[in-house]
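Engineer: Provided herewith is a single structure, encoded as structure tokens, for subsequent inquiry.
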Amino acid sequence: MNDPRNDTAGDTRLDWDALADEVFRTEVRAWLQANCPERVRFPAGRMHWHECRDWWDMLYRKGWIAPAWPTALGGMGLSPFKQIIMVEELERHGCGRMPDQGITQVGPILIRYGTPAQKAWFLPRTLSGEAIWCQGYSEPNAGSDLASLQTTAVEDGDDYVIDGSKIWTTLAMDATHMYLLARTDRGGRKQEGISFLLLDMRAPGITVRPIRNIAGDDEFCQVFFDGVRTPKDNLVGVPGQGWTIAKSLLGFERLGIGSPRRPQLAFARLEKLARARGLFADPVFMERFTALRLDIVDLSAAYEVFVEQVRRSEPLGPDVSLLKIWATETMQRCSELMLDAGDEYGALGGDIDVDGTPMNVLAPFYSSRPGTIYGGSNEIQRNILAKAVLGLPQ
Ligand SMILES: Cc1cc2nc3c(=O)[nH]c(=O)nc-3n(C[C@H](O)[C@H](O)[C@H](O)COP(=O)(O)OP(=O)(O)OC[C@H]3O[C@@H](n4cnc5c(N)ncnc54)[C@H](O)[C@@H]3O)c2cc1C
């Protein structure tokens, strides 16, 4: 008899969350190995929509595009711990990140704060990839100090009229929609005047200007709003609730960025490169290599402590910031040692052949740079640890 789990059209009827953890992990691993197209594995940077659309469609048809969403809304209904397993397996397989902010950010926000009409319109389109979202939070003078944002949304009839600019908006050129924070009130505490709005990127008055990143790719954009109208029905929550809504997702994000999987994979590549180039005979290299290995082991142990917390359904505290710092800085050191190990190849873009394995020596260096900036910069994470964990004076 056919295993229903091989029937890609019918998987949404399966209760994935009911499977034992290790059975679930095995299922996910096997399916990824059998189905994930080679070209979306280990991409050098963020994938654009046209590069991963068919992979999105495959996950959507499988019913796996939204692990955290309830099954009634088209998700997998996974517990937080099973979501971690899913992410770990995707990372282990090297599946590149898609333009997934609708799934990871807007979906959970609408499920919690959206009106019935917003849920009915946006959630199915977000799952199917008809609505691709970008995040409009940061502005030229409001990044770490996000509450200083100046983009305004002024009520006018049935609409809000938006003026201002957002910057570093990842993949805005691919997005059909933006979720943004805009100032709807200038009185009171600056956090209290911020609202959370949804916006169709085809609305008149929007200009999207791509910005090249360090690797020369158009990964993010500056977006300008000149009298852009969005219906009042696209306000999420109530006016002034934007800050609370935006903050509601942050703890879990830090656990994701703090996963040891990326440094582990990069380290395995470094090991292969070092072996091929005979570097294990060099004591200076060995010292750096060993220190890095121990850091990754420690990072994995710390990560497991937080994962166990999630498994026990306990909320994550401010101490999760240490994972974000540790993982991103370890990844950067790993990529720097890779450059050194690659010698002259470290200056080349593109793959080199390392004992039959194609390897891009430079790409991890580029792709690990922004990790210490986004998701709340590492200096800000250190401030959180100093204040909320160590109780140090301001
Ligand atoms: C690859 C990438 C993708 C991004 N994608 C998006 C996106 O899709 N949408 C979006 O809205 N934003 C996005 N961002 C923006 C990101 O959130 C901001 O870059 C980040 O919040 C930092 O803000 P900033 O760049 O304005 O730097 P600033 O806040 O100006 O900081 C500059 C430096 O000063 C330090 N600093 C600032 N304040 C303090 C303090 N109080 N104490 C100690 N040090 C401090 C910072 O750590 C940093 O080193 C992205 C950024 C990157 C790199």
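Engineer: Hey, what's the Kirkwood Rh for region 91-220 if you take every pair of different alpha carbons, in angstrom?
Structural biologist: One decimal place: 15.9 Å for the Kirkwood radius.
Engineer: Set the Förster distance to 25 Å, then compute FRET efficiency between Gln241 and Glu379 from the Cβ-Cβ distance, nearest 0.05.
Structural biologist: It comes out at approximately 0.35.
Engineer: Can you tell me the 0 to 90 degree angle between the C-alpha axis of helix 283-311 and the longest principal axis of the chain, rounded to 10?
Structural biologist: Rounded to the nearest ten degrees, it is 40.
Engineer: What do you reckon, how do Val28, Val161, Val208, Val305 stack up by accessible area (1.4 Å probe), largest on top?
Structural biologist: Details: Val28 0, Val161 25, Val208 55, Val305 90 Å².
Sorted descending by solvent-accessible area, the residues read Val305, Val208, Val161, Val28.
Engineer: Using DSSP to define loop residues, name the chymotrypsin sites (Phe, Trp or Tyr not before Pro) in region 321-377 whose beta-carbon has at most 10 other beta-carbon atoms within 10 Å.
Structural biologist: none
Engineer: What relative contact order, as a whole-number percentage, does region 154-273 give when Cα pairs under 8 Å and 6 or more residues apart are counted?
Structural biologist: For region 154-273, the relative contact order is 30 percent.
Engineer: What relative contact order, as a whole-number percentage, does the chain give when Cα pairs under 8 Å and 6 or more residues apart are counted? All intermediate terms of the calculation are to be shown ahead of the outcome.
Structural biologist: Working: 640 pairs, mean separation 47.0, N = 394.
Relative contact order here is 12 percent.
Engineer: Can I ask one more? With unit charges on the beta carbon (Lys/Arg positive, Asp/Glu negative), name the residue among Pro315, Ala266, Met338 whose Cα is farthest towards the positive pole of the charge dipole of region 250-389.
Structural biologist: Farthest towards the positive end: Pro315.
Engineer: Roughly how big is the chain's charge dipole about its Cα centre, with Cβ charges of +1 (Lys, Arg) and -1 (Asp, Glu), in debye to the nearest 20?
Structural biologist: 480
Engineer: Based on the Cα atoms of region 9-98, what semi-axes does the equivalent ellipsoid have, where each is the square root of 5 times one gyration tensor eigenvalue, given in whole Å with the largest first?
Structural biologist: Working: eigenvalues 92, 43, 27 Å².
Semi-axes (√(5λ), whole Å): 21, 15, 12.
Engineer: Now a separate question. Cα atoms only, the chain: Rg and Dmax in Å?
Structural biologist: Looking at the chain, its Cα Rg and Dmax stand at 21.9, 73 Å.
Engineer: Compute the acute angle (0 to 90°) between the alpha-carbon long axis of helix 261-276 and the principal axis of greatest extent of the alpha-carbon atoms of the chain; round to the nearest 10°.
Structural biologist: 30
Engineer: Continuing with the same structure: Calculate the length of the line joining the C-alpha centroid of region 302-355 to that of region 261-285, in whole Å.
Structural biologist: The distance from the Cα centre of region 302-355 to that of region 261-285 comes to 15 Å.
Engineer: While we're looking at this one, here's another question. Can you tell me the relative contact order of region 9-98? Whole percent, Cα pairs under 8 Å, sequence separation 6 or more.
Structural biologist: It rounds to 42 percent for region 9-98.
Engineer: What angle do you read, to the nearest 10 degrees and between 0 and 90, between the alpha-carbon axis of helix 80-92 and the longest principal axis of the chain?
Structural biologist: Its long axis makes an angle of about 50 degrees.
Engineer: Report the Stokes-Einstein translational diffusion coefficient (µm² s⁻¹, integer) for region 250-389, Rh taken as the Kirkwood radius over Cα pairs, at 25 °C with viscosity 0.890 mPa s.
Structural biologist: 154
Engineer: Further, regarding this structure: I'd like the carbon and sulfur percentage of the solvent accessible area for the chain, probe radius 1.4 Å, heavy atoms only, ligands and nucleic acids excluded.
Structural biologist: 54
Engineer: If you don't mind, another one. Calculate for the chain the 222 nm mean residue ellipticity that helices alone would give, adding -39,500 (n - 2.57) per DSSP H run of length 4 or more and normalising by residue count, nearest 500 deg cm²/dmol.
Structural biologist: On the way: 12 runs with 156 residues, N = 394.
Result for the chain: -12500 deg cm²/dmol, rounded to the nearest 500.
Engineer: I'd like to check one number: the per residue accessible area of the chain, probe 1.4 Å, reported in Å² as a whole number.
Structural biologist: Working: 18820 Å² over 394 residues.
Heavy-atom accessible area per residue stands at 48 Å².
Engineer: Using Cα springs under 10 Å in a Gaussian network model of the chain, which residue among Thr71, Thr290, Thr104 shows the largest mean-square fluctuation?
Structural biologist: Thr290
Engineer: Quick check: Cα centre of region 192-213 to Cα centre of region 93-114, how many Å?
Structural biologist: What the calculation gives is 18 Å, centre to centre.
Engineer: How about region 159-230: which trypsin sites (Lys or Arg not before Pro) there are in a DSSP loop, with at most 12 other Cβ atoms within 10 Å of their Cβ?
Structural biologist: Arg186, Arg189, Arg202
The values are calculated or read from the model by the stated rules, or taken from the named source; none is laboratory data. Keep in mind it's a predicted model, so treat the numbers as computed, not measured. Cβ: placed from backbone, ideal geometry, glycine included. Neighbour counts: every protein chain shown. Surface areas here come from the heavy atoms of the whole protein model, side chains and all, with no ligands, DNA or RNA. Shrake-Rupley method; radii C 1.70, N 1.55, O 1.52, S 1.80 Å.
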